[in-house]
Amino acid sequence: MKVKKVLSLGLAAVMAMSMLAACGNSDGETGGVTSSENVPTIDEIKVGEDYQDLTASIKVLTNRTDIVDTVYKRYADEFMKLYPNITVEYEGITDYEESLNLRLTNGDWGDLCFIPTSVNKNELSMYFTPLGDYDTLDPIYNFCTEKTYDGTVYGICNGGTASGVLYNKKVWADAGITELPATPEEFLDCLQKIKDNTDVEAPLYTNFSAGWPMGAWDAYIGIAATGNPDFMNNEIIHTKDPFAKQDDMTGPYAVYYTMYEAVARKLVEESPASSDWESSKNKMNKGEIGAMVLGSWAVQQCKEAGDTPDDVGYMPFPITVDGKRYAGAGGNYAFGINNQAAEDNQIAAMVYLKWLIEESSIYDDEGSIPALKSGDLPDALADFEGVELLSDNPPLEGEEDLFNEVNNESEVGINNNDYPDCEILEAALYGTRTLDEVMGEWNEKWSAAQESLGVEVNK
Amino acid sequence: MSNQISAAAKSEKTFAETFRSRKVQRLLVIFTFMLVPMALLIIFTYVPFGKMVQFSFYQMKYSGPRKFVGLKNYIDVFQRSECFKSLFVSVYYMGGALVQLALALFFATLMVFKVRGSAVFKGAMFFPYLICGIAVGFIFKFFYARGFVLDSLLQMAGMDIEKIPYWLENQSINNISLVATSVWRYTGQNMILFLGAMMSVDAELYEAASLDGANKWHQFRYIILPSIKSIVVLNMILSISGSLSAFEPPYVITNGTMGTGTYFVIMNRLAHENQKVGLACAMAIVLLGIIILCTVAQKLFFKYAFDDGTSDESKAAVRRRRKAERAVVKGGAR
């Protein structure tokens, strides 16, 4: 009986909610569209000078429920000292992507949010205020391409991350290494030094047994190995034998060479099949592991896994292209402003956004690449000084799916299948095949896929 | 005229009557009761299977357009070296299945004679079967890891770590390590099946046999084994087809690396990581064919060896008896 009552109550509540949501939706559609005409672009605003007399109260949505009441509140307080008439209020949402997808459709969600990744580029203008032209904003901010549609920027990334190699600073110093390696061969020499001069468990820990850390090596074959932002999405599809050895030791071959040789020279853990991801984070922190090849998201996890977070460092992948170093980088969640909100709120949100990404300490606190191109790198990425950070260009129009098609058809499985990377390690471990044989096979498969899909191949 | 009328009335009457008749009613009841299970069977088994057969003729991903390619997928299955190499891995699992059946028979026989605490043993032996396969995989991942459970135990027993092989890495034993996990898991279940069959043997037979001076081995050989022959054959067929489709141990413990990829692991990789759904469906159909072949071959073998596994005498024994009978008849005639 009780259960029934609760159920019927719940049902009633759900119905009431959906009706409310429906009302909100129609309101938003009628009221919102006209109100963004006098909103400036973000580059026109001078923080601290403009709009001092604007009175508004804005709500900012975030997924960071862990710091919404501490760090983020501090930013809001600092800003409100500067702009006493604007009130900034944060709301943390646990199930961010899902809830925001629902809330976006009803225009009344707040004023500033992280744009959910599920919003397609062509839908951006339905929900978000234009922040400026791509040509104007791109020289100022990093990762502008990610939320640009038709030459207009609708979101600015809250900083970004770069991909490199995790290492333990203390271990490397103890081994007598003073300069970080810049080529695969130097990297292998460093690992050898670590093996000879220290008593770590493994100079390089592969995490083979978990599978996906092997697939993580694929992330470096693009920008880090070629310095070419078009390589991953455009060129590799049309290249004949992309995995072939280059004389200057760049390109995908150089990345896999690093892995193959590290295994062949026994610079990795004793038994890769027995490796364990969870405990490896602690070993990285304690200095029982010299290096791990993983994305920058792993840095924070390794720092938190032990008592010596300062020993965990992150360096660019050791490949030099024509004397220059490159690292792939991508943006975090992008900020977007609600185009259905009142005009004053939109302006206030934009002022706060500009202050947050340009003047606050947010990127030092989060250890990510700042949104401003002129900003300094955080301490966590200090080793990336002088390394050019690039993000992959989007594929050409009409070829959006081509990379996936060639990738799947060939079964080379870059960034989606860990097994081919595992095979490189196996070949090195058992000594059954040379790297040239493995790469030759990949090239063959790649060519066969290009042929069967009728892809134009540049010789 | 009157004849015609009566005929029409008769036929009309027969329709109502036939409907109410016992025979039709019975058919109706059968049909209605069958409706639900048949619908479930068709919707959840035959329609998906039909779809799979259909997919195997297409080049397709889960989403996006499909292209009819005829038998190309099947030709590919037979041309790809890894598909059939992976069947070779199944030979390990078949070997494991035999060991598992022997162990299960052994333990079941022990239990059937009065053993103290047999309920506890039964429970302990059956327990692994209750753990889900993925969990078993994780247990053994740590069990076999270098320097973990198994290595520590062996070291405690005085073995030198240098002499202990790498259980998951050494290609001459890693498949055996994996097979051992599935033996560990299924022995208890097989044992319970055997035990169930053995319970139905009349206990007086043992008594009579022991009065005649038969020891436990004789009792097993001449009383128990012939009585549970059909269960043994069933278990054998299930284990062999099970070993052809082994999936969980290699998938969880080694992810099919280092030469432990079974047919299912390869199939899963093609379907999900490379999105070649059509090819994977063709592989599934080919495997189905192989399993049918194996089952038929086993059936024929047991039919020849044990007379379809249900009669008490084997074909050879029957032939011997017939021969002896004929000799007696001949002798009598003379």
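The values are calculated or read from the model by the stated rules, or taken from the named source; none is laboratory data. Values in this document were obtained by computation on a predicted structure and should not be read as measured data. Methodologically, a virtual Cβ is constructed for each residue, glycine included, from the backbone with ideal geometry; neighbour enumeration extends over all protein chains shown. What goes into the accessible areas is simple: the full protein's heavy atoms, side chains included, and nothing from ligands, DNA or RNA. Shrake-Rupley method; radii C 1.70, N 1.55, O 1.52, S 1.80 Å.
Computed over protein heavy atoms with a 1.4 Å probe, the carbon and sulfur contribution to the accessible area of the protein assembly as shown reaches 58%. Quick one: if you take sqrt(5λ) for each eigenvalue of the C-alpha gyration tensor of the range A:107-251, what semi-axes come out, biggest first, whole angstrom? Equivalent-ellipsoid dimensions as semi-axes: 40, 21, 15 Å.
Here's how it looks for residue A:56: its modeled amide H is under 5 Å from those of A:86, A:87, which are all 5 or more places away or on a different chain. Per the Debye calculation on chain A with a single equal scatterer at every Cα and no solvent contribution, log₁₀ I(q)/I(0) for q = 0.07, 0.11 Å⁻¹ amounts to -0.44, -0.97.
Across the alpha-carbon set of the range A:157-238, the Rg to Rh ratio works out to 1.04, Rh being the Kirkwood radius. Accessible area of residue B:294 (1.4 Å probe, protein heavy atoms only, ligands and nucleic acids ignored): about 40 Å². Think of the protein assembly as shown as having a plus end and a minus end, set by charges on the Cβ of Lys, Arg, Asp and Glu; of B:45, A:422, A:178, B:45 sits farthest toward the positive end of this dipole. Our summary gives the range A:338-379 a relative contact order of 25 percent, counting only alpha carbon pairs under 8 angstrom and 6 or more residues apart. Residue A:208 sits with roughly 10 Å² accessible to a 1.4 Å probe, with DNA, RNA and ligands left out of the calculation. The candidates A:138, B:212, arranged from most to least accessible area with a 1.4 Å probe in the full protein assembly, appear as B:212, A:138. Note on chain B: GNM, Cα springs under 10 Å; of B:19, B:302, B:78, the largest mean-square fluctuation is that of B:19. Distance between the C-alpha centres of the range A:315-389 and the range B:215-287: 53 Å, rounded to the whole angstrom.
Taking a Cβ cut-off of under 12 Å around residue B:105, the surrounding Lys, Arg, Asp and Glu residues balance to a net charge of +2, with basic ones at +1 and acidic ones at -1. Only aspartates and glutamates eight or more places from residue A:303 in sequence, or on another chain, were considered; those with a Cα closer than 18 Å are A:66, A:276, A:278, A:288, A:311, A:364, A:365, A:366, A:379, A:383. Counting only protein heavy atoms and using a 1.4 Å probe, the accessible area of residue B:292 comes to about 90 Å². Surface listing: A:372, A:124, B:130 arranged by accessible area from highest to lowest gives B:130, A:372, A:124, probe 1.4 Å. Cβ-Cβ distance of residue B:298 and residue A:415, R₀ of 41 Å, FRET efficiency by 1/(1 + (r/R0)^6): the value works out to about 0.40. Within straight-line reach of residue B:216, meaning a Cα separation under 17 Å, sit the following lysines at least 8 residues removed in sequence or on another chain: B:114. Modelled this way, with points 7 Å down the Cα-to-C-beta line, the labels at residue A:70 and residue A:38 are 4.2 nm from one another. Of all aspartates and glutamates in the structure, those lying under 19 Å Cα to Cα from residue B:323, and not within fewer than 8 positions of it along the same chain, are B:307, B:312, B:313. Only Cα pairs under 8 Å and 6+ residues apart enter the sum, and on that basis the relative contact order of chain B stands at 25 percent.
Between residue B:131 and residue B:22, full extension at 0.36 nm per residue minus the direct alpha carbon distance yields a gain of 34.2 nm. Taking B:39, B:214, B:104 in turn, the Gaussian network model of chain B (Cα-Cα springs below 10 Å) assigns the largest fluctuation to B:39. If you take all other residues with their beta carbon under 14 Å from the beta carbon of residue B:261, and give Lys and Arg +1 and Asp and Glu -1, the sum is -4. Which entries of B:72/B:276; A:193/A:245; A:121/A:147; A:193/A:266 show an alpha-carbon separation above 18 angstrom in the structure shown? Beyond 18 Å: A:193/A:245. Only Cα pairs under 8 Å and 6+ residues apart enter the sum, and on that basis the relative contact order of chain A stands at 23 percent. Here residue A:382 and residue A:199 are evaluated by their C-beta separation; at R0 = 35 Å the FRET efficiency comes out at 0.80.
Two tests apply to each whole DSSP H helix in chain B, Cα reach of 20 Å or more along its axis and mean Kyte-Doolittle hydropathy of at least 0.0, and the ones passing both are B:22-41, B:81-112, B:174-199, B:229-244, B:277-306. Springs between Cα atoms under 10 Å define the GNM used for chain B, and in it the highest mean-square fluctuation of B:203, B:16, B:97 occurs at B:16.
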